[in-house]
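Notes follow once the structure below has been shown.
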Amino acid sequence: MIISFVWAEDKNHIIGKDGTLPWSMPNDLKHFRNVTAHHTIVMGRKTYESFPNGPLPNRLNIVISRNTKYEVPESVVLLSDKNKLSNYVKDDEEVMVIGGAGIFEMFKNEVDRLYLTKIDHEFDGDVKMIDLNYDDFKLIGKKEGVVDDKNIYPYTFETYDKI
């Protein structure tokens, strides 16, 4: 399986605050939807709980939690062991790991692709993205985001593949 990380971060690698995103960027959410639609998404419990409307549609939602009694809807898969992921995805499938930091750390040695939204602003936050060695990756795509009245911070969408 192909492991991809999908996330947005600010200048200081902040990715979260109080269980939510520290910014409002509809264009990034649209990008996230486009990148992850029809793929399996893997996340931790806190990331899952940050979704205001429950599981994300058009994707298999997999939650990894140490709490084996954590309750999720029937449409969501709960795993306590990341090695069981292969029971739910095909060998050639791209799996989108969407956070949080503990889940990124868990998959850091297996990640093949990075979908990063870089926001050119500093936010107050309590969760930082894990350290990744960008020397192991090659930038294969970069697109400047459109700044407008709803997306007020400059940002870029970057895609990296493992070398």
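The values are calculated or read from the model by the stated rules, or taken from the named source; none is laboratory data. Keep in mind it's a predicted model, so treat the numbers as computed, not measured. Every residue, glycine among them, receives a Cβ derived from its backbone with ideal geometry; neighbour counts consider all protein chains shown.
Tabulated data
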{"quantity": "Of all residues making up the range 87-107, the number that are more than 17 Å from the chain's Cα centre (by Cα), closer than 26 Å to Asn34 by Cβ and not acidic (Asp, Glu)", "calculated": "3"}
{"quantity": "Pairs with Cβ under 6 Å, 6+ apart, first in the range 124-153 and at negative phi and of a type in the set (Lys, Arg), second loosely packed, with under 12 Cβ neighbours inside 10 Å and assigned to a loop (DSSP other than H, G, I, E, B)", "calculated": "Lys138/Ile163"}
{"quantity": "Single match in Val111, Val146 (criterion: β-branched (Val, Ile, Thr), in a loop (DSSP other than H, G, I, E, B), under 13 Å from the mean Cα position of the chain (by Cα) and closer than 26 Å to His38 by Cβ)", "calculated": "Val111"}
{"quantity": "Residues that are within 24 Å of Met96 (Cβ to Cβ) and of a type in the set (A, V, I, L, M), drawn from the range 142-163", "calculated": "Val146, Ile163"}
{"quantity": "Qualifying residue in the range 52-64 (condition: within 15 Å of Trp7 (Cβ to Cβ), touching a helix residue (DSSP H, G or I) at 6+ places or on another chain (Cβ under 8 Å) and surrounded by fewer than 16 Cβ atoms within 10 Å (Cβ to Cβ))", "calculated": "no"}
{"quantity": "Some residue of the range 100-111 being crowded, with 18+ Cβ neighbours inside 10 Å, under 18 Å from Lys11 (Cα atoms) and either modelled with pLDDT under 95 or of a type in the set (Val, Ile, Thr) (or both)", "calculated": "no"}
{"quantity": "1 or more residues modelled with pLDDT of 95 or more and among the acidic types (Asp, Glu): qualifying strands (runs of 3 or more DSSP E) within the range 1-94", "calculated": "2-9"}
{"quantity": "Residue within the range 69-80 that is among the β-branched types (Val, Ile, Thr) and more than 18 Å from Asn53 (Cα to Cα) present", "calculated": "no"}
